[in-house]
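Input: a single structure, listed below in structure tokens.
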Amino acid sequence: KEYRALADVLVKYPNIYIISDEIYEHILFSNTTNYSFARFDDMYNRTITVNGVSKAFAMTGWRVGYLGAPEWIAKACTKMQGQITSGTNCIAQIATITALNAPVSKIKYMVDEFKIRRDLILDLLSKIKGFELNIPEGAFYVFPDISYYFGKTIAGVKINNASDFSMLILEKANVATVTGEAFGQPDCIRISYATSQKLIIEAMKRISDLVSK
């Protein structure tokens, strides 16, 4: 409904094109389904769908992405791409074709595992004072609000913003996160749970021990 409402607005502005990033289309929880903007007939010729195999198929190092767009846009992108990077190696291309042609059920075990890790990290973070949580419905990140710590001093370091907090837990607890400022959410940090349950437990313990001092 939200997409359709947005499309109803965009249809009035024919010079606006839509870039739909669907890299996490298969990593979804709670019976959530991905809905592509290009499914709308009146948006089909104005939608550029971008995707890749690094997330759902765990082919991060292969560096393969692709797009679906009206032919004239795709050809223009090909001209530009050909001038700024070399071609994807043939092994990566064949592996990508195999991944995309395989049934989505082949990666269900990994999606199920991500959900287990999501629930685990949410449970552990909920026990750390000052972390405000929401429940992600897909991908493999949590995005807690940590503004509770702004203005406070931890381990001799004053926390003024999310960047300070991210650097603190990196330098003092050896846990890497990304400041929410990079995503337009300056009160948050992004934590990935694309790792083992053992490492998630250890990382959350380190954060908890640090902020409890």
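The values are calculated or read from the model by the stated rules, or taken from the named source; none is laboratory data. For clarity, every value in this text was computed on a predicted model and none was experimentally measured. Backbone-built Cβ (ideal geometry, glycine too); neighbour counts: all protein chains shown.
So is residue 131 in contact with a helix residue (DSSP H, G or I) (Cβ under 8 Å, 6 or more places away or on another chain), on the phi < 0 side of the Ramachandran plot, surrounded by 16 or more Cβ atoms within 10 Å (Cβ to Cβ) and in the same structural domain as residue 204 (by TED's automatic domain parsing) or not? So residue 131 fits the description; yes.
Out of 158, 152, 198, 213, which single residue is of a type in the set (Lys, Arg) and at pLDDT below 95?
Numbers: 158 fails: at pLDDT below 95; 152 fails: at pLDDT below 95; 198 fails: at pLDDT below 95.
After applying the criteria, what remains is 213.
Kindly evaluate residue 164 against the criterion of being farther than 20 Å from residue 213 by Cα, out of contact with any Leu (no Cβ under 6 Å at 6 or more places or on another chain), surrounded by fewer than 18 Cβ atoms within 10 Å (Cβ to Cβ) and acidic (Asp, Glu). Judged against the criteria, residue 164 is not a match. Which of the residues spanning region 151-197 are polar (S, T, N, Q) and either farther than 20 Å from residue 129 by Cα or in contact (Cβ under 8 Å) with a residue 12 or more places away in the chain (or both)? Selection gives 161, 163, 166, 174, 177, 179, 185, 192, 195, 196, 197. Within region 57-75, residues that are farther than 27 Å from residue 28 by Cα reach partners that are surrounded by 15 or more Cβ atoms within 10 Å (Cβ to Cβ) with beta carbons closer than 7 Å, at six or more positions or on different chains, in the pairs 73/48; 74/67. Residues that are surrounded by 17 or more Cβ atoms within 10 Å (Cβ to Cβ) and touching a residue at least 24 places away in the same chain (Cβ under 8 Å) occur in region 89-103; there is at least one. Select, from 39, 63, the only residue that is under 25 Å from residue 16 (Cα atoms) and surrounded by fewer than 16 Cβ atoms within 10 Å (Cβ to Cβ). Of the residues listed, the single one that is under 25 Å from residue 16 (Cα atoms) and surrounded by fewer than 16 Cβ atoms within 10 Å (Cβ to Cβ) is 39. Scanning region 176-213 for residues that are part of a loop (DSSP other than H, G, I, E, B) and touching an Asp or Glu at 6+ places or on another chain (Cβ under 9 Å) yields 185, 187. Might you check whether a residue that is of a type in the set (Phe, Trp, Tyr) and under 23 Å from residue 141 (Cα atoms) occurs anywhere in region 69-90? Looking through region 69-90, none of the residues is of a type in the set (Phe, Trp, Tyr) and under 23 Å from residue 141 (Cα atoms).
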